[in-house]
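For reference, the structure is listed below as structure tokens.
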Amino acid sequence: MKRLVLLSVMLLIAGGILANLPNLEEGTALKVSGKVIDQATSLPLAFANIIYNHTGTTTNLEGEFVFQINYHKAENSLLIKFIGYETAAIALDTDNTNLFVTLTPKVEMLEEVVVVTAEQVLMDVNNYHQINYEYSDQLLSSYYKETLTTDKDCIYLAEGIFDIYYPTVYSKEKPTIHARKTRKKTFASLDTMFMPLIHGHATDMINGVTRRTDSFVKEEKLDHYTYTKEGLTWYDGREVFQIHFEPKSKKADCRGMIFIDSESKAIIRTEYEPLLHGQNFWKKVKWVEEYKEVNSSWYIHRVSYLGEWDQHGQTVSFEALLVVTDFETITTKPELTESLTKDDIFFHQASSFSENFWEDFNYIKLDVKEKKALGF
């Protein structure tokens, strides 16, 4: 029986390991699961980044994760990263696959040696853009989930494993999405529930702010916003600028927060809310994007979307989550069968929501509300 390993705070420091190098063969398949909590509060950390080599996943709302990897001798540690916390580095071992991970907040006060303005930081983002982000065609392996919930109930749940052709920004090609395995469940009649955004795939999510020509971080858009430095924080042992931005002109279309690595000048996280003027439907809309660093380049890792509206006196939420679990650089556009169009609704109704459904695919564990709706 797999033992539960309780990792002490002293051991969970950046670069720390639990044991000597394990005697694992190259390419050994490992399935690692666990829970990530905040050391100071003992509360679960949702959307902590779980990284191994160029593969990755994230925790669910309860801080839980499951991750299937192939062991490489050159990369011994599984990394758990979260903005504002010390990175946990856990040595891989066949006896060490059910983890309870405590992340320590990094509370050291930071002071800038060289004072730079928020506008200068954003200009650096643009100047370093070409060397920071992927500029080759990529084939992404991804997990996608969308849910419709009220304050109390889960109304609709759908999940899928995708292959995504992700062309370079220099290409005229557009991303192509292929669904490898999907499932969905409807828990209530949707006849009276207006669902404006459920369309069954992540076409609108995969193009992050670092790629879109109309993005609020592009040099030609900077004059339309007011950028303010909120201070410094940490990510993976490095200083990170926290920059808040607000509309300054009528050509601005959102507000939010940007987290920028002070060393590489790369955006590692964005949180932004589109302006909702001129409409009376949406109560709240929010996007969050995160990037992961592999060999000095930053790749899209996680995108989440939240849209809320009021109906019959209650708040209804549509949430979508896309996590890139693996990628490879390619030189030829792949032949993806059954590629999706923008209006496709492709999820297959599922009679079983067992975790065995996903076989060897990486996925995100269901949260408490979803399990309750399924009768777990």
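Figures for the structure shown
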| read-out | value |
| --- | --- |
| Residue satisfying condition, being out of contact with any Pro (no Cβ under 6 Å at 6 or more places or on another chain), in a strand (DSSP E or B), modelled with pLDDT under 90 and of a type in the set (Gly, Ala, Ser), within set Gly231, Gly208, Gly200 | Gly231 |
| Any chance Tyr156 is in contact with a Pro (Cβ under 6 Å, 6 or more places away or on another chain), surrounded by 19 or more Cβ atoms within 10 Å (Cβ to Cβ) and not acidic (Asp, Glu) | no |
| Every residue from segment 208-224 that is surrounded by fewer than 19 Cβ atoms within 10 Å (Cβ to Cβ) and closer than 11 Å to Val169 by Cβ | Arg211, Arg212, Thr213 |
| Condition broken by Thr97, with the remaining ones in (1) surrounded by fewer than 20 Cβ atoms within 10 Å (Cβ to Cβ); (2) modelled with pLDDT of 90 or more; (3) within 30 Å of Phe357 (Cβ to Cβ) satisfied | (2) |
| Selected residue (only one of Glu230, Glu220 is charged (D, E, K, R) and in contact (Cβ under 8 Å) with a residue 12 or more places away in the chain) | Glu230 |
| Residues being touching a helix residue (DSSP H, G or I) at 6+ places or on another chain (Cβ under 9 Å) and at pLDDT below 90 - total across segment 339-376 | 3 |
| Every residue from segment 22-73 that is β-branched (Val, Ile, Thr) and farther than 22 Å from Lys145 by Cβ | Thr28, Ile37, Thr41 |
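Yes or no, residue by residue, for (1) within 22 Å of the chain's Cα centre (by Cα); (2) surrounded by fewer than 18 Cβ atoms within 10 Å (Cβ to Cβ); (3) modelled with pLDDT of 90 or more; (4) on the phi > 0 side of the Ramachandran plot:
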{"site": "Leu78", "(1), (2), (3), (4)": "yes, no, yes, no"}
{"site": "Ala89", "(1), (2), (3), (4)": "yes, no, yes, no"}
{"site": "Glu111", "(1), (2), (3), (4)": "no, yes, no, no"}
{"site": "Val114", "(1), (2), (3), (4)": "no, yes, no, no"}
{"site": "Tyr128", "(1), (2), (3), (4)": "no, yes, yes, no"}
{"site": "Glu134", "(1), (2), (3), (4)": "yes, no, no, no"}
{"site": "Asp137", "(1), (2), (3), (4)": "yes, no, yes, no"}
{"site": "Thr147", "(1), (2), (3), (4)": "yes, no, yes, no"}
{"site": "Lys152", "(1), (2), (3), (4)": "no, yes, no, no"}
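The values are calculated or read from the model by the stated rules, or taken from the named source; none is laboratory data. Just so you know, these numbers come straight off a predicted model, no measurement behind them. FYI the Cβ positions are ideal-geometry reconstructions off the backbone, even for glycines, and counts take in every protein chain you see.
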